[in-house]
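Engineer: Pasting a structure here, questions to come.
No value in this document is a laboratory result; all are computed from the given coordinates. As the structure is a prediction and not an experimental result, all values here were calculated from the model. Because the Cβ atoms are built from the backbone with ideal geometry, glycine has one as well, and the counts that use them run over all protein chains shown.
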């Protein structure tokens, strides 16, 4: 069942609406996600890119070759710098929304974690989640 999720960046310049059909919500421990978020991991919500509508603002983007060899396109607010969503060039129909940008982050629940071989020792996450040393 689809639900509508809304969210945006820290300053409010970039706002979005997502018609969301539950898929994966992942913790990613790769080095790129750590650098992009400024934290020990990112938490991202998988969604169909066609269901994402930018309501205001125009995100900037940065593309980089990721650990898995694919190009990752990170979209962020040009004013406050908040990471908002990510697209992997190999899968342009999928978008990963940064869970912290949701107006109601409680509306999603993490389902797994990836790149756990790069987890920082002081990061504590539910041990019952499926975990993959790299991307699965």
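Engineer: Ranking 10, 102 by Cβ neighbours within 10 Å, fewest first, what do you get?
Structural biologist: In increasing order of surrounding Cβ atoms, one gets 10, 102.
Engineer: Okay, next question. Using a 10 Å cut-off around each Cβ, can you sort 48, 126 from fewest to most neighbouring Cβ atoms?
Structural biologist: In increasing order of surrounding Cβ atoms, one gets 126, 48.
Engineer: I'm a student and want to see the number: the projected area of the Cα convex hull of the stretch 57-136, averaged over all directions, in nm². Kindly include the intermediate steps, with their values, before the conclusion.
Structural biologist: Numbers: hull surface 27.0 nm².
Seen from a random direction, the Cα hull of the stretch 57-136 projects 6.7 nm² on average.
Engineer: Rounded to the nearest 0.05, what FRET efficiency do residue 13 and residue 67 have when you use their Cβ-Cβ distance and R0 = 25 Å? Please list the in-between numbers first.
Structural biologist: Details: r = 30 Å, r/R0 = 1.21.
Once the sixth-power term is evaluated, E becomes 0.25.
Engineer: Taking just the alpha carbons, could you work out the radius of gyration and Dmax for the stretch 26-75, both in angstroms?
Structural biologist: Cα only, the stretch 26-75: 12.2, 32 Å (Rg, Dmax).
Engineer: Kindly provide the helix-only [θ] at 222 nm of the chain, computed as the sum of -39,500 (n - 2.57) over DSSP H runs of four or more divided by all residues, to the nearest 500 deg cm²/dmol?
Structural biologist: -1500 deg cm²/dmol
Engineer: Please give the contour-minus-distance gain from residue 31 to residue 103: 0.36 nm per residue of separation, less the Cα-Cα distance, rounded to one decimal in nm.
Structural biologist: In short, 23.3 nm is gained.
Engineer: Test of understanding: what is the full-extension gain from residue 60 to residue 6, defined as 0.36 nm times their sequence separation minus their Cα-Cα distance? Working shown, then result.
Structural biologist: Numbers: separation 54, 0.36 × 54 = 19.44 nm, distance 1.91 nm.
Using 0.36 nm per residue and subtracting the Cα-Cα distance, I get 17.5 nm.
Engineer: Also, quick follow-up: Treat the count of other C-beta atoms within 10 Å as a stand-in for reagent exposure and order 28, 33 from fewest to most.
Structural biologist: Final ranking by Cβ density, sparse to dense: 28, 33.
Engineer: Taking Cα centroids, how far is the stretch 101-136 from the stretch 19-37 in Å?
Structural biologist: If we compute the Cα centre of each part, the gap is 8 Å.
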